[in-house]
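Asks: The following block contains the structure, expressed as structure tokens.
No lab work stands behind these numbers, since they all come straight from the coordinates. These numbers were taken from a predicted model, which means no experiment stands behind them. In this analysis, Cβ positions are derived from the backbone assuming ideal geometry, glycine residues included, and neighbour counts consider all displayed protein chains.
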Amino acid sequence: MLNLVPHRGLSGALQNAAEMTDLGWRNHVQTVFGIDLLAADPGRPGPLPNWADYYQLMHFAQDRYEFMMVDLPEVVNVATAELVRNSRGVFVICTPELPSLKMAAYRCAELEACEVPPNRIHVLLNRFERGGLTVADAEAALGRP
């Protein structure tokens, strides 16, 4: 949606995470509206990274930024579990409809199974409309605030 053409992006950064330098980092990120983005390129996924690749990349980047936001794929795997375990907060985003809320509840349980403390797991409702489900209804369906 930002009309970016990823050059090296996420897969390249993960492959080079162990020996990443500031200059190398600049070759992987793109700055848009003052925000550094490390975009994935679904057309060129590269080899499947392991948890150590994510850990090393996260360790490198955390000293350079006050905040990091990661948009994970739908399934948390052994590699991405390292990210969610070390996050200050994980946000599950869903719509205020019962099927979406039930899937969000399953995702929250999945995150807890990855050893993410429940107090760090948050749910955000997207496209909330007046007259639809209330916040209390959504919390009841989720079994959490």
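Asks: Below 8 Å, C-alpha to C-alpha, sequence gap of six or more: please give me the relative contact order for region 36-129 in percent.
Replies: That works out to 28 percent.
Asks: In Å and from the alpha-carbon atoms only, list the Rg and Dmax of region 1-40.
Replies: In order Rg, Dmax, the Cα atoms of region 1-40 give 10.0, 31 Å.
Asks: May I pose another question? How are the alpha carbon pair distances in region 1-108 distributed across 10 Å bins from zero to the largest one, expressed in percent?
Replies: Spelled out per bin, shortest first, that is 13, 42, 33, 11, 1.
Asks: Now for a different question. I need the Kirkwood Rh of region 77-128: take the reciprocal of the average 1/r across all distinct C-alpha pairs and report it in angstrom.
Replies: The Cα-based Kirkwood calculation yields 11.3 Å.
Asks: Moving on. Loop only per DSSP, at most 10 neighbouring Cβ atoms within 10 Å: give me the GluC sites (Glu not before Pro) in region 73-134, ordered by residue number.
Replies: Here the sparse-neighbourhood loop sites are Glu74, Glu115, Glu129.
Asks: Could you tell me which of Gly24, Pro118, Leu4 has its Cα farthest along the dipole of the chain towards the positive end, charges placed at Cβ (Lys, Arg +1; Asp, Glu -1), taken about the Cα centre?
Replies: Selected residue: Leu4.
Asks: To continue, here is another question. Taking a quarter of the surface of the convex hull around the Cα atoms of region 50-145, what do you get in nm²?
Replies: Taking the Cα atoms of region 50-145, their convex hull projects to 6.6 nm² on average.
Asks: So which chymotrypsin sites (Phe, Trp or Tyr not before Pro) in region 24-124 pass both tests, a DSSP loop state and at most 13 other Cβ atoms within 10 Å of the Cβ?
Replies: Phe33, Tyr65, Phe67
Asks: A follow-up question, please. Working out 0.36 nm times the residue gap between Glu19 and Asp137, then minus their Cα-Cα distance, what length gain in nm do you get to one decimal?
Replies: Length gained between Glu19 and Asp137: 37.6 nm.
Asks: Here's a follow-up. If I build a Gaussian network model for the chain, linking alpha-carbon pairs within less than 10 angstrom, which residue out of Leu125, Leu111, Leu83 has the largest mean-square fluctuation?
Replies: Fluctuation is largest for Leu125.
Asks: Same structure again: If you place +1 on the Cβ of every Lys and Arg, -1 on the Cβ of every Asp and Glu, and leave all else neutral, what size is the dipole of region 1-131 about its Cα centre, to the nearest 20 Debye?
Replies: 260
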